[in-house]
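Structure, as structure tokens:
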Amino acid sequence: MSKSGKNALSMKILAECSTSKARNAVVTLPHANVDTPVFMPVGTQGTLKGLVPDQLRELDCKIMLSNTYHLGHRPGPDLLDKAGGLHKFMNWDRALLTDSGGFQMVSLLKLAEITEEGVKFQSPHDGSEMLLTPEHSMEIQNSIGADIMMQLDDVVHSSVSGPRLEEAMYRTIRWLDRCIAAHKRPTEQCLFPIVQGGLNAELRRKCAQELLKREVGGYAIGGLSGGEEKEDFWQMVKLSTDLLPKDKPRYLMGVGFAVDLVVCVALGCDMFDCVFPTRTARFGCALVKTGQLNLKNKSFATDYSPIDAHCTCVTCQTYTRAYLHTLLSNTEPAACNIITVHNVAYQLSLMKSIRESILEDKFPDFVRQFFKDMYPKGDYPSWTTDALSSVGISLS
């Protein structure tokens, strides 16, 4: 697993599913060896909401994600430089991935002005302005010191089509070249370009083909999971993985529902992130193999079983549904921490089971059992059967 002199990442494929495009690999990064497929919890401002880094270590999380836009505002690159980077600042000795700040073009669109130079944001915190250019995004991410960095891309909502979508795709390519030129730590931090093109197959194809001409350590698939129809979603994912090389990781951005994870692993994706498991915990919802349990529901008031009797996380080994229901009823902050521990454990355990099934070449069997548990009546969403069928997996 020799590292390229031009990036800080190497990948070794350990096993491939003999039916689908799923594969199990180990990605070697400066701060950790990461087994893939992997789900990366999102710690926007250097911490997961409701958890501390020690709890992530106890869950055997090897890589987490942080947000360049927010860290660029607070605490800012000067303080991060003085602290020796985000790893030291938050006392995290494993891998970090940072987004570029580009997603805020969608989430903070009313506060953003997009030009060829970059994106001018008005801070939602204090009203101050920030011009995020490809060069400034690289500067912030170099200060953060993440193992994997994202290029600044021109992000548009998945509902956008026509000239604006084409403009965004070509600008993403131009901005990639500026990011590559501005990247000051290529042997310590790996830069991923992002395949854009929305739901336009031809634009997405052109984008991927251009990105392949650059020397990079891996690829991200962006511009999806924004509310588009699932039938469109999976087809764009498969198109992208068909075009991207097999010997480098493929990161599908913003995807975290369990069903989506299983299907997109089958379609050839290796890395995922999403705020879903931590956000839904804050609303009192726990993830289980049949979906979600809303622990605020009165039916759990006298239920003395754990969230999941088969889960080995400290939450399920220690607390009952009734106790958690009581905490939620009294709006105790501890409930967020306790349920978040379980939800992150659920996501990591799901990915571990997926990896093991690929190693044993039993991934299609795993997929069928997963869907039987999630949809015991057999009412599988049509998009999932279509997507899985496209890579040779039948749910019947």
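The values are calculated or read from the model by the stated rules, or taken from the named source; none is laboratory data. Computed from a predicted structure; not experimentally measured. Neighbour counts are summed over all protein chains in view; Cβ atoms, including those assigned to glycine, are modelled from backbone coordinates with ideal geometry. We work out accessible area using only protein heavy atoms, side chains counted, and drop any ligands, DNA or RNA first. Shrake-Rupley method; radii C 1.70, N 1.55, O 1.52, S 1.80 Å.
Odds and ends about this structure:
- Condition broken by Leu350, with the remaining ones in (1) surrounded by 15 or more Cβ atoms within 10 Å (Cβ to Cβ); (2) farther than 13 Å from Val263 by Cβ satisfied: (2)
- Any chance Leu191 is open to solvent by less than 60 Å² (accessible area, probe 1.4 Å) and touching a residue at least 12 places away in the same chain (Cβ under 8 Å): yes
- Region 265-313 - residue that is aromatic (Phe, Trp, Tyr) and closer than 21 Å to Leu56 by Cα and, of those, surrounded by the most Cβ atoms within 10 Å (Cβ to Cβ): Phe272
- Yes/no for Met90 being touching a Gly at 6+ places or on another chain (Cβ under 6 Å), modelled with pLDDT under 95 and within 30 Å of Val314 (Cα to Cα): yes
- Identity of the residue in region 59-92, aromatic (Phe, Trp, Tyr) and open to solvent by less than 50 Å² (accessible area, probe 1.4 Å), that ends up farthest from the chain's Cα centre (by Cα): Trp92
- Residues in region 126-135 that are open to solvent by 40 Å² or more (accessible area, probe 1.4 Å) and out of contact with any Lys or Arg (no Cβ under 7 Å at 6 or more places or on another chain) were compared, and the one that is modelled with the lowest pLDDT is Asp126.
- Residues being in contact with a strand residue (DSSP E or B) (Cβ under 6 Å, 6 or more places away or on another chain) and either farther than 23 Å from Asp373 by Cβ or assigned to a helix (DSSP H, G or I) (or both) are represented in region 324-342 by at least one member.
- Top-ranked residue of region 21-58 - restricted to ones that are in a helix (DSSP H, G or I) and open to solvent by 10 Å² or more (accessible area, probe 1.4 Å), ranked as nearest to His136 (Cα to Cα): Pro53
- Taking the numbered list (1) over 20 Å from Ser158 (Cβ atoms); (2) of a type in the set (Ser, Thr, Tyr); (3) open to solvent by less than 10 Å² (accessible area, probe 1.4 Å) in turn, Ser240 passes all entries but (1).
- Some residue of region 186-205 being assigned to a helix (DSSP H, G or I) and touching a Phe, Trp or Tyr at 6+ places or on another chain (Cβ under 7 Å): no
- Among the residues making up region 158-177, those that are free of Cβ contacts under 8 Å to residues at least 60 places away in the same chain, part of a loop (DSSP other than H, G, I, E, B) and surrounded by fewer than 16 Cβ atoms within 10 Å (Cβ to Cβ) are Ser161, Gly162.
- Flag if Gly197 is over 20 Å from Val156 (Cβ atoms) and either surrounded by 19 or more Cβ atoms within 10 Å (Cβ to Cβ) or among the aliphatic types (A, V, I, L, M) (or both): no
- Spans of strands (runs of 3 or more DSSP E) in region 212-304 with at least 1 residues over 22 Å from Ile173 (Cα atoms): 271-274, 285-288, 291-294
- Restricting the first member to region 309-330 and to residues that are more than 18 Å from Val344 (Cβ to Cβ), and the second to residues that are open to solvent by 80 Å² or more (accessible area, probe 1.4 Å) and of a type in the set (Asp, Glu), no beta-carbon pair is closer than 6 Å while six or more apart or on different chains.
- Residues that are in contact (Cβ under 8 Å) with a residue 60 or more places away in the chain, touching a strand residue (DSSP E or B) at 6+ places or on another chain (Cβ under 7 Å) and not aliphatic (A, V, I, L, M), drawn from region 38-50: Phe39, Pro41, Thr44
- Considering the conditions (1) out of contact with any strand residue (DSSP E or B) (no Cβ under 7 Å at 6 or more places or on another chain); (2) open to solvent by less than 70 Å² (accessible area, probe 1.4 Å); (3) not aliphatic (A, V, I, L, M), Gln369 is excluded by exactly one of them, (2).
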